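Please treat every number below as a calculation from the coordinates, not as lab data. Being a predicted model, the structure only gives us computed values, none of them experimental. For neighbour counting, all protein chains shown are included, and Cβ atoms are generated from backbone atoms with ideal geometry for every residue, glycine included.
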Amino acid sequence: MLNEIIVEDTKMEKELLYWLFSTIVQAFVALLALVGMVGIYWVSKLDDLFDRLCKSIEDRMKPFDNVFFFKYKDPPDIIDAINKIISEYEPKGVSLDSIERFKQVKHRLNSAFEEKEIFIRIFKSFFYKNIANISASLFFLGITTFIVKASYIFIGLIIAFVIVLSLWSLLEAFRLVKRAIMPRSLKKEIIE
């Protein structure tokens, strides 16, 4: 009789652990896909802003004969080209309107570029934490039969470890989504 209770209890623990680990894997793979979709959307919006800003000053740069600008499409290079134009032509008394426009576009390009870099850094952090969480859950799922035979303290430590990893991944997901909701400084420019 006592043996039947112990066997039934072990079977229930095993099923509980299978359920826990497999659910975590499924949920965080779905979260990875969802956040990845939001991330791709946000980065594409930043790239669109960058392209619009480049097109908006293209005509203004032609009189300055700055071929450098048209060779590169990388934000730091374009910002350097704008800095070069401002430093060369501002002291010469070139139209203040043109110089001011270059300064505005440079600031907006800088903001978009920095936002993209920050977002990508946070996304990488989320990705690695999420992969660690999924991998740990898959590993523990595979050895559930052995885990059940261990002490309750060991089982509790494993569950706590997986839950901490899960919370860590969720925190990064919230940071990403919050970032993708757009900082106020870029919101108007990106939506336009």
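The table that follows gives values for the structure above.
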| quantity | calculated |
| --- | --- |
| Residue 178 paired with residue 23, simple spin-label distance in nm, labels 7 Å along Cα-to-beta-carbon | 2.7 |
| Gain upon complete extension [residue 100, residue 128; 0.36 nm per residue less C-alpha separation] | 5.8 nm |
